[in-house]
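**Q** I have a structure I would like to understand better, so I am pasting it below and will then ask my questions one at a time.
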Amino acid sequence: MKNCVPPMEKVNNILLIRSARMHHIKTVLMDLRTIYPEAVVSVLLQPEVEDEFRRGNYPGKILIYNKGGFNIFRLGSGFIRRLTDEKFDLIVI
């Protein structure tokens with residue numbers, strides 16, 4: 001299997017979608033910061049965990065989606081457009 005990690009110089013904008021417990025997300029975020037130190041990392045998460053995430057003082061943007069589990073069909077076209085406009089080089093789920 002080929003290496004699926006894009007070269008460091010080609011990744012400037014990363015979207016991390018929260019699909020696991022917060023301690024896993026925090027670990028992945030710190031790993032991304034190590035691998036891609038110059039990249040901006042945005043984290044997409046539910047409003048229920050926003051405060052917990054902010055208390056960790058992690059760098060990057062926080063994007064909030066609807067309550068409950070992630071469902072792309074419930075995000076709405078405006079939110080999808082906003083994500084598309086960000087032009088992410090790498091999306092991590």
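**Q** Mind checking which aspartates and glutamates have their C-alpha under 15 Å from residue 26, skipping anything on the same chain fewer than 8 residues away?
**A** 50, 51, 52
**Q** Still on this structure, please answer the following. Between residue 87 and residue 21, what length comes free when the chain is fully extended (0.36 nm per residue of separation minus the Cα-Cα distance, one decimal in nm)?
**A** The residue 87-residue 21 span can extend by a further 21.2 nm.
We did not get these values from a lab; they are worked out from the coordinates using the rules stated. In this text, all values refer to a predicted model and were calculated from it rather than measured experimentally.
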